[in-house]
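Novice: First the structure, which I've put down as structure tokens, then a few questions once you've had a look.
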Amino acid sequence: MADQKNRRLRIIPPVHEVVSALEHGEEFRPFLANDGPRLTLAIRQALQELRDHLLGEEGAWPWASPADAEREAAVMTGDAEEAEVEARLWGWLREEVLRILTSRSAVSLRHIINATGVILHTNCGRALLAPEVADFVAAQAGHYSNLELNLESGERGSRYVHVEKLLCALTGAEAAMVVNNNAAAVLLIMNTLAAGGEVVVSRGELVEVGGSFRIPEVLKAGGARLVEVGATNKTWLRDYEQAIGSQTALLLKVHTSNYRIEGFTHAVSARELVELGARQGLPVVEDLGSGSFLDGSQLGLPPEPTIGQSVEAGLSLVSFSGDKLLGGPQAGIIVGKKEYVERLRSNQLTRALRIDKLTLAGLEGTLHMYAEGRGPDLPVWHMLAAPPALLREKAERLCSALSDHPKLQAEVQEGFSQVGGGAWPTVNLPTWVCALRPQSGSVNDLEEFLRRGSLPILARIQKDRVLLDGRTLLTGEEEEIIRRLADWC
Ligand SMILES: *Cc1c(COP(=O)(O)O)cnc(C)c1O
């Protein structure tokens, strides 16, 4: 096996050899005329891809199907076979280098079409900003601003003032501040209020969020010691009471955002914990995870505490994400009692975790929309509230545009969309999808074909169909999908 890998790696030609072979090719001339080094860069990238493929899990050439690979392994013994592999290798290199050169842009971060129906898709950037908020961010990006300047006094100001009043008005909290993301918010709170001390958390709430954020690890990173109480399914107030000792620094409640414990369960409410904290002179903090200003039950979603309710319960501090159900940019928002927020601000870590000016602009714009009662117009809430009749129309439009495609069978089907981002993990939002079955190639080929276009389209595979869910499509994207699929053959 290792032998075979080495033999394959040896067949790969060096960069200069590929450059001299390709630079005279007619198809590469347009790129050479004004940008010679770009060809070399593209060749390097293609050769690296080749090596990555060979060194990867499957250890096969990128063009080889598993059947090919087996056949090749069986026959590749003599010079004739090696020549065949070389011919395919050069063919692949030409195509790949051309693809790299012509791909719409050389930048890595691309905008994509999300046809998965997952609204807060963490791999695709979670919440979309409202168009007017995106414009506001763009305008801030190209101009100087009063980020840390008090325009009235002409003196140095604080970047947090731009959102603090809005956050207090929207949540009823005394004070607020923002950091890079909610993980940073929890870390900062632990480090400020509990470093060197103990933090009491229910065993049912030791959450792990994607991207390796785990409550026990974050506490440790903040310098606090975790004291687990209760059982996975049941925790009572007396469990917290018994765990409190001279080392206890705070009581922490964590929203079990991405899972549900159902059946024989009991959890202690924020209000009860706040009363216990008051009796013992301890701060009580809640990591709300997503957090929301709006009540999803109006859309038929199961009840979730809103941020306002958590604040009302009297918690010392409440933290939540900016780019989950809030529908803004990535940020960690902390609201609560003034004395605690002030302690956070004077922690040295705050400087390292501070929010950037573009994020701040996105957050201010988003909060303004809520303050004006236009929260439901934010893309996240708009997608959550999309009426099934509209989704059905979208699916029907897609399917009928593809109805005479020679290599695709398109069918309207009922299905489910997901909220994503760890919010409402068990909720299935009823939707309608355009389900595609390729007449040539596999569903995986079709999914890859959509994903690897110049405007990548992300779709979901279910059984032997590729599903397109209109819930997460923006204006004009249906047409882009139809255009791309016209090239599927
Ligand atoms: C999502 C989540 C986090 C992490 O928030 P980020 O903004 O992604 O850093 C922390 N705690 C809970 C409970 C969460 O759901």
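The values are calculated or read from the model by the stated rules, or taken from the named source; none is laboratory data. All figures in this text were calculated on a predicted structure; none of them were measured in a lab. Here the Cβ is made from the backbone with ideal geometry for all residues, glycine too, and neighbour counts use every protein chain on show.
Novice: Please work out if Lys324 is among the basic types (Lys, Arg), within 16 Å of the ligand (Cβ to nearest atom), assigned by TED's automatic domain parsing to the domain that holds Leu188 and within 25 Å of Tyr160 (Cβ to Cβ).
Specialist: yes
Residues are listed down the side, and each one gets a yes or a no for (1) surrounded by 13 or more Cβ atoms within 10 Å (Cβ to Cβ); (2) charged (D, E, K, R); (3) at pLDDT 80 or above:
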{"position": "Arg8", "(1), (2), (3)": "yes, yes, yes"}
{"position": "Glu17", "(1), (2), (3)": "no, yes, yes"}
{"position": "Pro30", "(1), (2), (3)": "no, no, no"}
{"position": "Pro37", "(1), (2), (3)": "no, no, no"}
{"position": "Thr40", "(1), (2), (3)": "yes, no, yes"}
{"position": "Gln48", "(1), (2), (3)": "no, no, yes"}
{"position": "Asp68", "(1), (2), (3)": "yes, yes, no"}
{"position": "Ala87", "(1), (2), (3)": "no, no, yes"}
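Novice: Separate question: Just for the stretch 257-269: of the residues that are surrounded by 14 or more Cβ atoms within 10 Å (Cβ to Cβ) and either farther than 21 Å from Glu198 by Cα or modelled with pLDDT of 95 or more (or both), which one is nearest to the ligand (Cβ to nearest atom)?
Specialist: The extreme case among them is Ser257.
Novice: Residues Gln309, Gln330: which one is out of contact with any Leu (no Cβ under 7 Å at 6 or more places or on another chain) and assigned to a loop (DSSP other than H, G, I, E, B)?
Specialist: Checking each option against the conditions leaves just Gln330.
Novice: Please work out which one of (1) away from the ligand (no atom under 15 Å from the Cβ); (2) closer than 30 Å to Met383 by Cα; (3) surrounded by 18 or more Cβ atoms within 10 Å (Cβ to Cβ) is the condition Pro283 fails and give its number.
Specialist: Status for Pro283: all satisfied but (2).
Novice: Residue by residue through the stretch 394-428, note down the ones that are exposed (fewer than 14 other Cβ atoms within 10 Å of the Cβ), without any contact (Cβ under 8 Å) to a residue 40 or more places away in the chain and out of contact with any Ser or Thr (no Cβ under 9 Å at 6 or more places or on another chain).
Specialist: Selection gives Ser400, Ser403, Asp404.
Novice: For a quick check of your reading: which helices (runs of 4 or more DSSP H) sit entirely within the stretch 370-469 and have at least 1 residues that are at pLDDT 95 or above and among the acidic types (Asp, Glu)?
Specialist: Counting at least 1 such residues, we get 388-401, 443-451.
Novice: Is it fair to say Glu372 is of a type in the set (D, E, K, R) and within 27 Å of Leu170 (Cβ to Cβ)?
Specialist: Taking the combined requirement at face value, the residue satisfies it.
Novice: Tally the residues that are within 15 Å of the chain's Cα centre (by Cα) and more than 16 Å from the ligand (Cβ to nearest atom), restricting the search to the stretch 327-355.
Specialist: Total satisfying the criteria: 0.
Novice: A further question on this structure: Does Glu304 meet the test of being at negative phi and part of a helix (DSSP H, G or I)?
Specialist: So Glu304 fails the test.
Novice: Answer yes if at least one residue in the stretch 474-484 is in contact with a Pro (Cβ under 9 Å, 6 or more places away or on another chain) and more than 16 Å from the ligand (Cβ to nearest atom), and no otherwise.
Specialist: Taking every residue of the stretch 474-484 in turn, at least one turns out to be in contact with a Pro (Cβ under 9 Å, 6 or more places away or on another chain) and more than 16 Å from the ligand (Cβ to nearest atom).
Novice: Right, next: Of the residues Arg452, Arg483, Arg437, which single one is farther than 30 Å from Val207 by Cα, surrounded by 14 or more Cβ atoms within 10 Å (Cβ to Cβ) and more than 19 Å from the chain's Cα centre (by Cα)?
Specialist: The conditions single out Arg437.
Novice: May I pose another question? Would you please list the contacts, defined by Cβ atoms under 8 Å and residues six or more apart or on different chains, that run from a residue in the stretch 241-258 that is closer than 15 Å to Ala224 by Cβ to a residue that is of a type in the set (Phe, Trp, Tyr)?
Specialist: Here the result reads Leu251/Tyr240, each pair linking the stretch 241-258 to a residue that is of a type in the set (Phe, Trp, Tyr).
Novice: Being polar (S, T, N, Q), farther than 21 Å from Ala423 by Cβ and within 16 Å of the ligand (Cβ to nearest atom): is that true of Asn191 here?
Specialist: Yes; evaluated as a whole, the condition is true for this residue.
Novice: Scanning for something outside any loop (DSSP other than H, G, I, E, B), within 22 Å of Ile481 (Cβ to Cβ), modelled with pLDDT of 90 or more and in contact with a helix residue (DSSP H, G or I) (Cβ under 6 Å, 6 or more places away or on another chain), does the stretch 91-109 turn up at least one residue?
Specialist: No, there is no match, as no residue in the stretch 91-109 is outside any loop (DSSP other than H, G, I, E, B), within 22 Å of Ile481 (Cβ to Cβ), modelled with pLDDT of 90 or more and in contact with a helix residue (DSSP H, G or I) (Cβ under 6 Å, 6 or more places away or on another chain).
Novice: With respect to Gly296, is the statement that it is in contact (Cβ under 8 Å) with a residue 12 or more places away in the chain, within 16 Å of the ligand (Cβ to nearest atom) and more than 25 Å from Arg343 (Cβ to Cβ) true?
Specialist: Yes.
Novice: Which one is farthest from the ligand (Cβ to nearest atom), of the residues in the stretch 170-186 that are crowded, with 24+ Cβ neighbours inside 10 Å and over 20 Å from Ala361 (Cα atoms)?
Specialist: The qualifying residue farthest from the ligand (Cβ to nearest atom) is Ala173.
Novice: Return the residues of the stretch 199-243 that are at pLDDT 95 or above, within 16 Å of the ligand (Cβ to nearest atom) and polar (S, T, N, Q); say none if nothing qualifies.
Specialist: Within the stretch 199-243, Ser202 is the sole residue that qualifies.
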